[in-house]
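We did not get these values from a lab; they are worked out from the coordinates using the rules stated. All values derive from a computational prediction rather than experimental measurement. Reconstructed Cβ throughout: ideal geometry from the backbone, glycine too, with neighbour counts over all protein chains shown.
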Amino acid sequence: MRAHPDAAPGADALTVSEITAQLKELITSSFGVLWVTGEVSNFRRQASGHWYFTLKDAGAQLRCVMWRSSTARLSFLPQDGMQVLARGSLDLYEAYGQHQLMVSYLQPAGIGALQQAFEQLKARLAEEGLFDNARKRPLPRWPEVVGVITSGTGAAVRDIITVIGRRMPTTRIIVRPAIVQGAEAAADVAAAIDELNRHGEADVLIVGRGGGSLEDLWAFNEEHLVRAVAGSKIPVVSAVGHEIDFTLADFAADVRAPTPSAAAEIVVPDQAEIRAYVTGMLGEMVSGMRDRVNRSVDQVRRTWSADVARRLVTRVDRMSQDIDRLVETAGIRFERLVRQRRNAFGKAAARLDALSPLKILGRGYAVCEREPDGTLITSATDVDVKDRFRVRLHRGIILGKVEGRLG
């Protein structure tokens, strides 16, 4: 507010509180939620659970506050000198006239800081016994229902469905799509584990995603998610990344698979294996029944007249033929059921592939997603200037930043 040129000096003067309030309104309305990266310094953890620290780089410093409700969700403790990525909103602390960042989420930035946080949490959870082998449960031998928690549009879900369909088409699959990268990923995957546990229908869970950098996979090192994996009442197979990728979720799971495809192979048996098992069981049953019959026939022959024994043996032979026919019929029906389920699965998989948003990429279309959380962008109003985004093409991904909007 400017004073009128003819007004007396001080007539339009603002109080300190008024100018500070206007500055506060200007700051909070201009920036909104933003990400800031920098080096932690002067870190202080209060008895109340609140954190106070400074983010700095070579040219400036920014005071930061993180309330207990947010610090309680973090899986690491910041240290001076650690590079971090902070999400929050700018505010003005009116009592001192200082602007500060109200941090709602914090994660290590850079390989060194991430590895330090990883080892820090791993040691603490291991000391609790969360990774002990005694806690791990065997997987069901023949699960009827498999729960899958992963991205609904990624390659991982298609690989899992394809492998299960090939090995055991009668298996039912429940897919709970989840965010698997970014600030919201850990909470969403943990919520998905809780949902499928409450649903209670799945016999085993596959939790995972495709490969990526340590930063990409970081959600699976978050304490909230790791505890959800360890606390699941349903056995969990962790399938995060590729063979060389290890996360804390892998240590907490009942079984760790090197890839999503390998998880599917671990979880369901091959139908040929079941066929061999069923055939073997039937053979043992028939062999046992025949042994009992033969022993009974021998006993009858020793104790009854030849005529009665002959009639009884004839009757037993007919019953034996009936058993052979029943065994043959059971095998035919089993093969027919497998074929029917395989055909049904093939049709369902074809429909799923046809409906996949990634299917149309080969025809020149693209999928636009917000960085870093992967939220779909369907309108120009979904983004603001300077927001980062990625464009998923048929071959590869383009990264960009919004310079302006039309429409």
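Rounded if a/c is under 1.5, else prolate if a/b beats b/c, else oblate: with a ≥ b ≥ c from the C-alpha gyration tensor eigenvalues square-rooted, which is segment 78-210? Here segment 78-210 falls in the prolate category. Along the axis of the charge dipole computed for the chain (Cβ charges of +1 for Lys and Arg, -1 for Asp and Glu, origin at the Cα centre), the listed residues 294, 40, 281 are led at the positive end by 294. Within the same chain, lysines fewer than 8 places from residue 122 are excluded, and of the rest, those with a Cα less than 24 Å from its Cα are 136, 233.
Each principal axis of the Cα cloud of segment 16-109 was taken in turn, and the coordinate range along them, longest first, works out to 40, 31, 21 Å.
Placing +1 on each Lys and Arg Cβ and -1 on each Asp and Glu Cβ, with no other charges, gives the chain a dipole about its Cα centre of roughly 2320 debye. Close amide-amide hydrogen proximity is noted between residue 61 and no other residue 5 or more places distant or on a separate chain, at a cut-off under 5 Å (H modeled in the peptide plane; Pro and chain starts excluded).
For the residues 28, 381, 153, a GNM of the chain with alpha-carbon springs under 10 Å puts the largest fluctuation on 381. Each Lys and Arg adds +1 at its Cβ and each Asp and Glu adds -1 at its Cβ; summed about the Cα centre, segment 1-134 shows a dipole of about 240 debye. 3J(HN,Hα) along segment 261-272: 4, 5, 4, 4, 5, 5, 6, 10, x, 6, 4, 5 Hz, from the Karplus curve 6.51 cos²θ - 1.76 cosθ + 1.60 with θ = phi - 60°, whole Hz, x for Gly and Pro. With a Förster radius of 30 Å applied to the C-beta separation of residue 343 and residue 281, the computed FRET efficiency comes to 0.70.
For residue 148, the residues 5 or more places off, or on other chains, whose built amide H falls under 5 Å of its own are 174, 175, 176, 206.
Once backbone amide H atoms are built at 1.01 Å from N, residue 375 has 370 as its partners under 5 Å, excluding neighbours fewer than 5 places away on the same chain. Using θ = phi - 60° in the Karplus curve 6.51 cos²θ - 1.76 cosθ + 1.60, the 3J(HN,Hα) couplings for segment 59-71 round to x, 7, 10, 9, 6, 9, 10, 9, 6, 4, 4, 8, 5 Hz; x is entered for Gly and Pro.
A rounded overall shape is assigned to segment 133-267, the ratio a/c of its alpha-carbon gyration tensor axes (a ≥ b ≥ c) being less than 1.5.
In whole Hz, with x marking every Gly and Pro, tabulate ³J(HN,Hα) for segment 194-199 from phi via Karplus 6.51 cos²θ - 1.76 cosθ + 1.60, θ = phi - 60°. The phi angles translate into 5, 4, 5, 5, 5, 5 Hz. A straight Cα-to-Cα reach below 23 Å connects residue 386 with the lysines 24, 56, 401, residues fewer than 8 places away in its own chain not being considered. Annotation: Cα Rg of the chain relative to the compact-globule expectation 2.2 N^0.38 Å equals 1.49. The aspartates and glutamates within cross-link reach of residue 347, meaning a Cα-to-Cα straight distance under 18 Å and a gap of 8 or more places when in the same chain, are 159.
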